[in-house]
Each structure stands twice: as C-alpha cells, then as structure tokens.
Amino acid sequence: LTIGKDLVINGTLTMPTVAGGDVYVGRNWNRNATGVFTDNDRAVFFNGSDNGTITANGGQYFPYIYLTKTALANTVSLVDHISVGKEFSVTTGTFELANRNATLLSTATNTASFGKVGASGDVSYSGTGRFIVERYLPTGTLGGQHTKSWQFLAVPTNGGQTINAA
C-alpha cells in the first residue's frame with residue numbers, strides 16, 4: 001500500500017498477512033482515538049522527500065519501521081510515542097524524537113533491534129525524547145529461567161539513590 005502524502009486512520013486499517021504487504025507513507029501518519037491499525041507483522045516505510053510526523057492518540061506500535069526518505073534533510077518527527085516490536089532502521093532521512101519516546105520492546109520471544117543507520121541517516125535529539133530499550137529477563141523456576149523475581153542489573157552511578165529507592 002503506497003500513500004503519496006498523508007495516511008489518516010479514522011476507522012480500521014488491516015494490513016495483509018502475505019509477504020510484501022507493507023505500507024509506504026510519503027509524509028504524515030495520523031491515527032486518531034477511534035482509529036485502529038492492525039499490522040499483521042507488516043513493515044511501515046516512511047519514504048519520499050516530504051517531511052513528516054507520526055501522530056497516534058495513545059501511541060503507536062509498529063513491528064517494523066524504516067525511514068527511507070530521499071535525503072538526510074527529510075525528517076520524520078514524533079508527535080506521539082511509538083513502540084517497535086521487531087526492527088527500526090534509518091537508511092536515509094532524519095528521525096526526530098522531539099519530546100516523545102521510541103521504545104524498542106523486549107518479550108519472552110523477541111527483542112526489537114535498531115538496525116542499519118545509513119550514511120544519509122540520522123537520529124535527532126532536539127527535545128526531551130529518547131529511545132527506551134527494554135530487555136526481557138525470564139523469571140521463574142523452570143530450566144533456563146532466572147529464579148529471582150526481582151533483577152538487580154546495576155548500581156546507581158550518581159547521586160545517592162539507594163537500592164531500596166531503586
């Protein structure tokens with residue numbers, strides 16, 4: 001599905017389940033509060049030479065998201081938070097976090113990755129937005145699981161936070 005400019009989801013958009021059934025957005029992704037995006041594990045590509053935004057009431061989940069804009073100067077800016085389940089890549093263009101977050105999710109079956117950043121690709125941190133990288137740690141008593149319910153991954157590196165406060 002190729003959208004030359006703006007994709008506006010006010011109803012339900014269900015992607016196909018077949019390989020190659022991805023969506024290409026030339027400028028803006030807009031999903032309002034009543035809009036539903038059923039991804040069916042398909043990729044979303046932001047392409048073309050127009051600057052764009054991602055607006056999605058309550059945030060937006062993408063299994064795969066790729067910036068394949070025409071040039072480094074072409075941006076895709078977050079207006080709302082996004083989460084990525086499998087892969088995020090910036091081949092060409094600039095991904096602008098602004099004041100929103102992009103979360104790379106981790107579950108028992110998969111951890112999202114940040115893929116290739118091309119020679120004409122960049123990530124801009126002009127506001128308070130950041131990448132949040134999750135890491136799933138299996139807890140339980142079965143083989144291969146960590147038997148602790150609470151995971152102590154690191155000590156505070158600055159400023160007096162106690163283990164209890166953490």
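The values are calculated or read from the model by the stated rules, or taken from the named source; none is laboratory data. Given the structure is predicted, the values throughout are model-derived calculations rather than measurements. Cβ atoms come from the backbone with ideal geometry, glycine included; neighbour counts cover every protein chain shown. Accessible surface areas use protein heavy atoms only, side chains included; no ligands, DNA or RNA. Shrake-Rupley method; radii C 1.70, N 1.55, O 1.52, S 1.80 Å.
Annotations for the structure displayed:
- Residue that is farthest from Asp122 (Cα to Cα), among those in the stretch 65-79 that are open to solvent by less than 20 Å² (accessible area, probe 1.4 Å) and either without any contact (Cβ under 8 Å) to a residue 24 or more places away in the chain or of a type in the set (Val, Ile, Thr) (or both): Ile65
- The residue list Gly35, Gly85, Gly115 contains one member that is small (Gly, Ala, Ser), within 23 Å of Arg135 (Cα to Cα) and surrounded by fewer than 20 Cβ atoms within 10 Å (Cβ to Cβ), which is Gly115.
- Qualifying residue in the stretch 3-22 (condition: modelled with pLDDT of 95 or more, under 20 Å from Ala102 (Cβ atoms), open to solvent by less than 40 Å² (accessible area, probe 1.4 Å) and part of a loop (DSSP other than H, G, I, E, B)): yes
- The set of residues from the stretch 114-142 being small (Gly, Ala, Ser) and in contact with a Lys or Arg (Cβ under 9 Å, 6 or more places away or on another chain) comprises Ser120, Gly121, Gly127, Gly129.
- One residue from Phe62, Phe45 being at pLDDT 95 or above, open to solvent by less than 10 Å² (accessible area, probe 1.4 Å) and within 19 Å of Lys116 (Cβ to Cβ): Phe62
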